[in-house]
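The values are calculated or read from the model by the stated rules, or taken from the named source; none is laboratory data. Note that this is a predicted model, so its numbers are computed, not measured. Here the Cβ positions follow ideal geometry from the backbone for every residue, glycine too, while neighbour counts run over all protein chains shown.
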Amino acid sequence: MTPSHESLQLWPAAVSATATETDLLILAFTVLTLLLTVPVFVAITYFALRYREGSEADRSPSGIRSNLIEISWMLIPFLLTLIFFVWGARLYIHSRNAPPDAMVVEAIGRQWMWKFQHPTGQAEINNLHLPIGQPIRLHIISQDVIHALYLPAVRLQVAALPDRYTDLWFKADKTGTYHLYCSEYCGTDHSVMGGEVTFMNPGDYQEWLTHAGAQQGKVAAGRALYEAYGCAGCHEPGSAVKAPSLAGLYGSPVKLADGRTVTADEGWLREKILNPNGDRLAGGGKQIMPSFAGRIPADELTTLIDFLKSYSSPAAGKAADATPAGSTR
Amino acid sequence: MSASGSIGGTARREPHAPESTIGRKADYLHAESTLRSWFLTTDHKRIALLYLASITGFFVIGAVAAGVVRLALVVPNGAIMTNDTYNKAFTIHGVVMVWFFLIPSIPATFGNFLIPLMIGAKDLAFPKLNLTSWYVFMAGALFTLVSVVLGGVDTGWTFYAPLSTAFSNTWVLPALIGVTIVGFSSILTGLNFVVTIHTMRAPGMTWFKLPIFVWAHYATSLIFLLATPVITTALILLIAERAFHVGVFDPAYGGDPVLFQHLFWFYSHPAVYIMVLPGMGVISEIVPAFAQKKLFGYRFVAYASIGLASVTFFVWGHHMFVNGQSDLASLVFSALSFAVAVPSAVKVYNWTATIHKGSLRLDTPMLYAMGYIGLFVLGGLTGLYLATLAINQHIHATYFVVAHFHYIMVGGTVLAFLGGLHFWWPKFTGRMYSEPWGRVSALLIFLGFNVTFFPQFILGYLGMPRRYATYPAEFQLLNVLSSAGATILAAGYIFPMLYLVYSLWFGRKAPANPWNAKGLEWETASPPPTHNFLTPPEVPRIPYDYPIQAKESRDQHG
Amino acid sequence: MSEGLADGVGIVRAEHFESVAQQREAATLGIWAWLITELLLFSALFLVALITRIQHPEATVAAAKHLKFWIGATNTVVLICSSLTMSMAIEFSRMGWQRAMVRAMLATAALGGLFLVLKGYEYYADWAEHMMPFLADRPFALAETPAARLFVNLYYVATILHAVHLFTGIALLLGMTWMAAKAGFLSRHQNWIEVYGLYWHFIDLVWILAFPILYVVNR
């Protein structure tokens, strides 16, 4: 499935009935805005030309009582806009009350990644695969600061709070791949905290759950962790810190400062992540990496190391990964 | 009085004051010239110029930071600078522009200079307090400036907990302390204005003879007094939490991070009107002067200033529609936001009606005023999009919001500031600026502003979140357009700095009333003497006593 | 206002005012405006304390049990007495009784000092009971109910902020007493006493609000 947005569009894709109605609301509101502003622009321009100093123009008082004008031009726009208040409120209330039969997907936000868990147990990092034609309720919480989950394709967002759950529900009716963002500023990598949401036919979704969701998604999940925990910020080529590249590291010999040479196997990688001050590397580089002991849960550490095992070179790492977080398409 | 043909080109009545006092010991600029006489002055006019110099400096810093932000966004992948650098740059831009430029801009400079002149007083009620608040402002501002520029802070100007309290490892603490200190300066300025307007009016200067500029500053000062203490409390709690882990907002102890947002916006939404109302005051002076016509609906505009300042205290929740606020609260806040936004946006109709059947001169201040009217109405009405609950769920925290508040803050406050600066420049300095350069700059700023910010409405609707150091490639075209507009805008800002400074030495000497404007500030010399008036000013029969009076004046000022 | 004053008592007009009455009016309005902002500063804090109580009633009550009710109550009485002596000082200043006024002002400062001493003792007792959760090296007595921290910390923020106001108030009062003891003070600056008196009553008022909100309603 190709992303539905290759180049500039002047109208974003809408994949749910609510999204379409929101678009209609905004279009109608724009018409009203034009109705209220264009006369001002025209009038200013016209008056500026007609009543220039020295021009021959009628400047006698118009004789209209100003109180009447004042009240009417305050009340009429206000009453007109109230239509939009009611319309917007109705749509909002609708989008706040999920139907009871909605499929619940757990979403956890954390600096700087999203973790989604399907009702059947499969988990994804930063990307989300969902079926169409069925109400979906995202049950959202944050593990640290305030984030917000934003899905422009359904015209909805809601904050991920650290102390209580929030909900977001929608029913998509078009397949396709769309952006998924964090929209509440959350620190350094706020702009790469996101990925894509893919809406699929229910059959394809079941297929995905049994195959891709469990298997191929794992490397992508590992890569997302590699970026979310900041490993990439230092270990990728071209970073300011110039930490050693991890591509192809797995299984290769590593020279240590005390003269030994070890093989970078799974256990050594694990130990080095949790305790970077041990086993100093040869070459005299300064050890500045922080310890991740207590900061990374055991299952995520395993996923991360699985990714490192499959990571042969930076280019291959990107190519092998279906949907890298924050990469541009 | 009505007529066809030329009015205003020839002054209806000559000002009482002498033509010019430059070079004479009498005027406030030349009364004393030592550094000490400036830094220890209690003359409200000199303090206003101290503020003018300092906020211009802060504006330059904030504008450079904005330039860095726009530069970073020329490419989508963040190749120009790291995410951290970008985040620090937009934090500098927000903190400096909001706290140290926009909030003090018009009140502390024009308000300080003009309120005593407009009400016919010798000074503000508390001149020493006035000087103190400048020092407090500078102390807090420099403190924060050092921490955001040299140290770097990456929380954004809103300092949301718990990012600011527990997670950011940048120089948040000194920045917070500085902003808290600056709040006291705002309170003292507001207090001084309220007391001055209540007690220092010249005999005969009743409330409904006050210019709208004074009404707007009265309303602004009430907000300074009633809202600033709450942000001080919020910041004190934030400081205590960051420094001593007090945990009021920290969920780890059962604290509520959204509570900070409530306290923050309880101040910061009214603060929008701290920035907007003085601008409305400036425009309400410029438009009648250049139309030579009485302001349309004087009483309505005066009451609206106070009304807006009151209602604005009850709409803060519209910043939190998607932040887990209860649906009922969101409905109420949405409705109240409509109630406040519509009347403030339709104020532009009053200015438009003032131009109708006037005798118009399109000098620089008027060009800025007309630009203001156009941009402010767009900014105000796009605010209604955001107040509409269902639309807010889509465009909250996107570039639509960025575009909206820049239309209000730049299109509104900054244009009003520049318009007012040109309007009263002869009064401040006793010199005329270069009119052709002024017009060119005003047009450049209007053009540059729209090219910069209009594309951001579209970006927002397409779903580009704000505060993004990197973004999907399909948004690049609009972002490049926006950055290109920013360069035009920058040029528009640089010209006035050059020709205004040039005019200080080489400008034509200004007469007491170069625009044939009404208002007591034009009854005294340019620049005014140290105690403002050599002879007590004569208060006119009605405010805005211009040659062209609409029929309504009889209804409202019998 | 000036009609209630004895002979030889009054103020000297500053240059930018048109009349003494205008000057007095400005000073009074100014201090009231300032006190309103101060009141809002504390109100926001008390509001947060009440919200904390609504969100975590048990933890708040558990924490409030550790507050020293009787010290708080005594302090309330001490401050009310100080307001009384301050009112007496204002009255004496209007009558031109300079010596009595200075004594009343010293008594006010002494009562304020007594409040601070009692408050300091209360903080010491809190420290001894491990009720200072922000100290890293002293485990919190109610560590098992994390929300208790919220209330205790708010208690410190509010009372310290009040103590800072009181301390500033005492310093100003002593400085003013020193000047007020000089001859001729009452003929030049009598309204300083009036304006300052309002500030002192305000400090008292804040405590009268703080005491029930922190000590009483949570028991």
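Summary table below
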| quantity | calculated |
| --- | --- |
| Members of region B:117-134 found to be over 15 Å from B:His531 (Cβ atoms), more than 20 Å from the chain's Cα centre (by Cα) and not hydrophobic (A, V, I, L, M, F, W, C), listed by number | B:Lys128, B:Thr132 |
| Some residue of region B:461-481 being farther than 21 Å from B:Gly420 by Cβ, away from chain A (no Cβ under 14 Å) and within 25 Å of the chain's Cα centre (by Cα) | no |
| Residue within region C:114-122 that is among the hydroxyl-bearing types (Ser, Thr, Tyr) and under 23 Å from the mean Cα position of the chain (by Cα) present | yes |
| All positions within region C:61-96 that are more than 17 Å from C:Thr177 (Cβ to Cβ), among the small types (Gly, Ala, Ser) and in contact with a Leu (Cβ under 8 Å, 6 or more places away or on another chain) | C:Ala62, C:Ala63, C:Ala64, C:Gly72 |
| Residue in region C:106-115 that is part of a loop (DSSP other than H, G, I, E, B) and within 25 Å of C:Thr74 (Cα to Cα) present | no |
| Enumerated strands (runs of 3 or more DSSP E) restricted to region A:88-156, each holding at least 1 residues that are over 19 Å from A:Thr175 (Cβ atoms) and within 14 Å of chain B (Cβ to nearest Cβ) | A:103-110, A:113-117, A:136-142, A:147-151 |
| Residue within region B:376-384 that is crowded, with 24+ Cβ neighbours inside 10 Å and closer than 30 Å to A:Asp58 by Cα present | yes |
| Region B:377-388 - residue that is at the interface with chain A (Cβ under 10 Å from one of its Cβ atoms) and part of a helix (DSSP H, G or I) and, of those, farthest from B:Leu443 (Cα to Cα) | B:Ala387 |
| Any hit, region B:312-331, residues being surrounded by fewer than 21 Cβ atoms within 10 Å (Cβ to Cβ), among the charged types (D, E, K, R) and either at pLDDT 90 or above or closer than 15 Å to B:Tyr218 by Cα (or both) | no |
| Unique match (being under 48 Å from the mean Cα position of the chain (by Cα), more than 7 Å from chain B (Cβ to nearest Cβ) and not hydrophobic (A, V, I, L, M, F, W, C)) among A:Ser72, A:Ser55 | A:Ser72 |
| Filter result (hydroxyl-bearing (Ser, Thr, Tyr), more than 23 Å from B:Leu237 (Cβ to Cβ) and in contact (Cβ under 8 Å) with a residue 24 or more places away in the chain) within region C:113-154 | C:Tyr121 |
| Residue among B:Val311, B:Val332 that is among the β-branched types (Val, Ile, Thr), closer than 30 Å to A:Arg96 by Cα, without any contact (Cβ under 8 Å) to a residue 24 or more places away in the chain and part of a helix (DSSP H, G or I) | B:Val332 |
| Selection status of C:Ala26, within 14 Å of chain B (Cβ to nearest Cβ) and modelled with pLDDT of 90 or more | yes |
| Residues located in region A:75-87, provided they are crowded, with 18+ Cβ neighbours inside 10 Å and facing another protein chain (nearest Cβ under 7 Å) | A:Pro77, A:Thr81, A:Phe84, A:Phe85 |
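Yes/no per residue for (1) β-branched (Val, Ile, Thr); (2) more than 24 Å from A:Arg50 (Cα to Cα); (3) away from chain A (no Cβ under 12 Å):
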site: B:Pro278; (1), (2), (3): no, yes, yes
site: B:Ile283; (1), (2), (3): yes, no, yes
site: B:Val301; (1), (2), (3): yes, yes, no
site: B:Val332; (1), (2), (3): yes, yes, no
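Residue-by-condition table, conditions (1) out of contact with any Ser or Thr (no Cβ under 8 Å at 6 or more places or on another chain); (2) more than 9 Å from chain C (Cβ to nearest Cβ); (3) buried (at least 24 other Cβ atoms within 10 Å of the Cβ); (4) within 29 Å of B:Asn83 (Cβ to Cβ):
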| position | (1), (2), (3), (4) |
| --- | --- |
| B:Pro162 | yes, yes, yes, yes |
| B:Asn169 | yes, yes, no, yes |
| B:Ala175 | no, yes, yes, yes |
| B:Ser185 | no, yes, yes, no |
| B:Val195 | yes, no, yes, no |
| B:Thr199 | yes, no, no, no |
| B:Phe224 | no, no, yes, no |
| B:Leu238 | no, yes, yes, yes |
| B:Pro270 | no, yes, yes, no |
